[in-house]
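S.K.: Provided herewith is a single structure, encoded as structure tokens, for subsequent inquiry.
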Amino acid sequence: MKNKFPLPLLLIFLAVITSFSSYAQEKEYYELKTYTIKNDTQEKMVDDYLKDAYMPALKRMGIENIGVFKGRPNKFKVSDKIYVLIPFQSLAEFDKLEAMLAVDKTHLSAGAAYIHATHDKKPYERISSILLRAFPDMPKMKPSEVEGERADRVYELRSYEGPTEAMYNRKVDMFNEGGEVELFKSLGFNAVFYADVISGDKMPNLMYMTTFTNMEKRDALWKDFVDSDKWKEISVMDKYVNTVSHADIDLLYPTEYSDY
């Protein structure tokens, strides 16, 4: 059968498809697990499990750069939370995690108090889990390089919901093609990740995390951001106006056993 396409066009087409597939595969996936706890006893149980059993088990599986964070600074007014950020190279790696934990004898032994907790001495109130896929303009996580006392550091986790899928996609475009990611980078926001939420209780939704040595640095950089010519340019563009219907901002600090 005669080829429908001239050979040069066919080769170009195949090259584009191969390039796109490779590009898509290099984007990481993230799970953001949130433990809701109500008192110091639960906090210690979760901390001990994460530090002594869960994180070492993930590292034995080859998973690095695991972040563990807590809210700053007021604890247990209503509830408190411990956030665990886990990077995965693929969905297959994410899919096999629980099965591997279930047969890891060292994990089962080190985490026995947590794993076998009774209903009247439960280690948390609930766990929520969000699955994310990295943005094209930052396909790989970059653990923060900020220094100083961990309790002083600010890890700012932001969640932006869109009013519709179409408007949400325009907000994602604003971060990538629109240059918002590059603006954060140029100002020194030390971003850890930018990502689409592909499964979660708030949709459509994107999340990202930026990091600062302290609150003073955080406030100064956000002022620089708002005052920048680039932000003034893109924030008033018609296609980007009203693309966020709700925003959540959590100011966190890394635990002593967090990888960053």
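The values are calculated or read from the model by the stated rules, or taken from the named source; none is laboratory data. Just so it is clear, the model here is predicted, and its values are computed rather than measured. Backbone-built Cβ (ideal geometry, glycine too); neighbour counts: all protein chains shown. The protein model used for the area step is the full one, side chains on, heavy atoms only, and it has no ligands, DNA or RNA in it. Shrake-Rupley method; radii C 1.70, N 1.55, O 1.52, S 1.80 Å.
S.K.: Output needed for segment 104-260: three equivalent-ellipsoid semi-axes, defined as square roots of 5 times the C-alpha gyration tensor eigenvalues, in descending order, whole Å.
M.R.: Details: eigenvalues 214, 88, 37 Å².
Result for segment 104-260: semi-axes of 33, 21, 14 Å.
S.K.: With labels modelled as points extended 7 Å from the Cα through the Cβ direction, what inter-label distance (nm, one decimal) is found for Leu108 paired with Glu177?
M.R.: 5.2
S.K.: What FRET efficiency, computed as 1/(1 + (r/R0)^6) with R0 = 45 Å and r the Cβ-Cβ distance, is obtained for Lys44 and Lys230, rounded to the nearest 0.05? Kindly include the intermediate steps, with their values, before the conclusion.
M.R.: Details: r = 45 Å, r/R0 = 1.01.
Efficiency, rounded to the nearest 0.05: 0.50.
S.K.: On to the next question. Suppose every K and R has +1 on its Cβ and every D and E has -1 on its Cβ; what is the size of the dipole of segment 178-232 about the Cα centre, in Debye to the nearest 20? Walk me through the intermediate numbers first.
M.R.: On the way: 7 positive and 9 negative charges, 11 e Å.
With Lys and Arg at +1 and Asp and Glu at -1, about 60 debye.
S.K.: Let me ask something else. Using 24 Å as the Cα-Cα cut-off, could you pick out the over-long pairs in Lys142/Lys239; Lys27/Lys75; Lys33/Lys122?
M.R.: Lys142/Lys239; Lys27/Lys75
S.K.: Using DSSP H assignments, which helices in the chain have an axial alpha-carbon span of 20 Å or above and a mean Kyte-Doolittle hydropathy of 1.0 or higher? Working shown, then result.
M.R.: Numbers: long enough: 7-25 (27 Å, 1.68).
Going by DSSP H runs, the hits are 7-25.
S.K.: Taking the convex hull of the alpha carbon atoms in segment 44-131, what volume per residue do you get, in Å³?
M.R.: On the way: hull volume 9.9 nm³, N = 88.
Per-residue hull volume (Cα only) is 112 Å³.
S.K.: Could you point to the residue in Phe193, Tyr240, Tyr257 farthest towards the positive end of segment 192-260's charge dipole, with +1 and -1 charges on the Cβ of Lys/Arg and Asp/Glu respectively?
M.R.: Tyr240
S.K.: With the full set of protein chains in place, find how many percent of the accessible area of segment 95-157 is carbon and sulfur; take the probe as 1.4 Å. Let's see the in-between values first.
M.R.: Details: 1960 of 3840 Å².
It is 51 percent, rounded to a whole number.
S.K.: What is the dipole size for the chain, taken about its Cα centre, with +1 at each Lys and Arg Cβ and -1 at each Asp and Glu Cβ, in debye to the nearest 20? All intermediate terms of the calculation are to be shown ahead of the outcome.
M.R.: On the way: 35 positive and 41 negative charges, 105 e Å.
Here the size comes out at about 500 debye.
S.K.: Over segment 130-186, average the accessible area per residue using a 1.4 Å probe and give it in Å², no decimals.
M.R.: On the way: 2560 Å² over 57 residues.
Accessible surface, normalised per residue, equals 45 Å².
S.K.: Can you give the FRET efficiency for Ala92 and Lys121, using 1/(1 + (r/R0)^6), R0 = 35 Å, r = Cβ-Cβ distance, to the nearest 0.05? The partial results should precede the final answer.
M.R.: Values: r = 36 Å, r/R0 = 1.02.
Efficiency computed from Cβ-Cβ geometry: 0.50.
S.K.: Would you please name the GluC sites (Glu not before Pro) within segment 151-260 that are DSSP coil residues with at most 14 other C-beta atoms within 10 Å of their C-beta?
M.R.: Working: sites: Glu156, Glu161, Glu165, Glu177, Glu180, Glu182, Glu216, Glu233, Glu256; in loops: Glu177, Glu256.
Loop-located and lightly packed - Glu177, Glu256.
S.K.: Considering only C-alpha atoms, what is the centroid distance from segment 112-165 to segment 191-215, in Å?
M.R.: Centre-to-centre distance over Cα atoms comes out at 9 Å.
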